[in-house]
Amino acid sequence: MKKTLLTLICLIFLAAPSMAAKGKVRIAYVEWDCATASTMTAKAALERMGYEVETLPVAAAAMWQALGTGDVDAMVTAWLPVTHADYYEKVKDKVEKVSVVSGGAKLGWAVPAYVTIDSIEELNANAGKFDGKIIGIDPGAGLMKLSEQAMADYGLNKLELMEGSGATMTAALDTAIKNKKWLVVTAWSPHWMFGKWDLKYLKDPKGVLGAEEKIEAIVRKGLKEDMPEVHAFFANFKWDSPAQLQTVMAWNQAGGTPEENAQRFLTEHPDTVKGWMGK
C-alpha cells in the first residue's frame, strides 16, 4: 500500500507542470485598462516560459513602494517622465528601467467631440454646462495630482474635481454621450475609450498635464542576477505599437477575461511574443 501510494505521488509530481522549477515572478499593477492589458499579457508569456506568476493589483503609490523594497519583481506600467515622476524619484536607486512598453502615451482632459469648447481655459465660463464637475479617477493616480495642479493653475473655481475610478469615469462618459450631455473627464491614451467614442483632448496651453509620455517596464535591482531570463524578458517586453495595446484593451471591454484575451494575443501574434522571449 505504501509503495503504491509513493509511486502515485511520484507520478503526479512528474506529470505536474514544471512552473515552480523556474521560480515565481511577482508583478504589481494598478487596475487601469492599459496596465491590466500589459500585465496580464506579460503574465501569460512568462507562464509559457515555465514560470509561476503572481499579479498584485494595488494603488500607484503601493506599486512603486513594493518594487522599491523588492517585494515584487517588476511592473510594466510606469508612466514617465511626468506622471509617476514623484514615485520614481523616491525609489530610483532601488529599481532599474529596462524597456519602453509603449510610446505615444498622453494625459489630459477629454470631452466628447460635440462639445464646442477646445481649451481648459474655457471651462470656467462654461461650468454650468458641465454641471460644475470634472470627472476624475482614483485619488492616488498621478493624473489626479496633475489635475489638481491644473485646477489651481487655471483658477477653475467654478468646478470640482471628482474622485472615482477608471470604471466610474468611463461609465459617466457613456451616459453623457448617450444623452448628448457635456462632460469633461481626466483621460489618457492609449485607452479603449478613444476607439469607442469620438473624443477630443482639451488644449492645455500652460502644459500642466505634460507632453507625450512613455509607458515603461521597471524591475527591482538584483533581478538580473537572481533571474536573468526574467530580466531579459522584461527588457524585451514592448508592444509593436500603441494600437496593439489598444486592441487588447478593446478585447477586454468586448468580452472575455483579461487572462483569456492575453492568451488570444499570444496565439495571434507569435512573432511579437518570440521577440519578448528572446527567440
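No lab work stands behind these numbers, since they all come straight from the coordinates. The model shown is predicted, which means the values in this text are computed figures rather than measured ones. Every residue, glycine as well, gets a Cβ built from its backbone with ideal geometry; the counts of neighbours run over all protein chains shown.
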### Message
Cut-off under 16 Å on the C-alpha distance; same-chain residues fewer than 8 positions from residue 106 excluded. Which lysines are left, in chain and number order?
### Response
145, 200, 203, 206, 214
### Query
Among 26, 220, 48, which comes first, second and so on when ranked by fewest other beta-carbon atoms within 10 Å?
48, 26, 220
### Task
Take the Cβ-Cβ distance between residue 129 and residue 198 as r, set R0 to 30 Å, and report the resulting FRET efficiency rounded to the nearest 0.05.
0.95
### Task
For the chain, give the magnitude of the charge dipole about the Cα centre (Cβ charges: +1 Lys/Arg, -1 Asp/Glu; no others), in debye to the nearest 20.
580
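Is the shape of the chain best called rounded, prolate or oblate, per the rule: a/c under 1.5 gives rounded, else a/b larger than b/c gives prolate, else oblate, with a ≥ b ≥ c the square roots of the Cα gyration tensor eigenvalues?
On the way: a/c = 2.51, a/b = 1.99, b/c = 1.26.
Prolate, since a/c reaches 1.5 and a/b exceeds b/c.
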### Query
By how many nm would the segment from residue 206 to residue 277 grow when fully extended, if each residue of separation counts as 0.36 nm and the alpha-carbon distance is taken off?
21.3 nm
### Message
P(r) for the range 106-201, please, calculated from all Cα pair distances in 10 Å bins and given in %.
### Response
16, 56, 27, 1
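How do 178, 238 rank when sorted from fewest to most other Cβ atoms within 10 Å of their own Cβ?
Details: 178 8, 238 22.
Exposure proxy ranking, most exposed first: 178, 238.
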### Query
For labels at residue 71 and residue 148 in the simple 7 Å Cα→Cβ model, what's the distance in nm?
2.2
### Task
Tell me what the chain gives for mean residue ellipticity at 222 nm when only DSSP H runs of n ≥ 4 count, each as -39,500 (n - 2.57), the sum divided by the residue total, rounded to 500 deg cm²/dmol.
-13000 deg cm²/dmol
### Query
With labels modelled as points extended 7 Å from the Cα through the Cβ direction, what inter-label distance (nm, one decimal) is found for residue 122 paired with residue 257?
4.5
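In this model, which of 178/238; 158/181; 43/178 are farther than 25 Å apart at the alpha-carbon?
Details: 178/238 35 Å; 158/181 18 Å; 43/178 36 Å.
Where the Cα-Cα span goes over 25 Å, the pairs concerned are 178/238; 43/178.
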### Message
Under the 0.36 nm per residue contour assumption, what length would be gained going from the current alpha-carbon distance of residue 224 and residue 24 to full extension?
### Response
70.6 nm
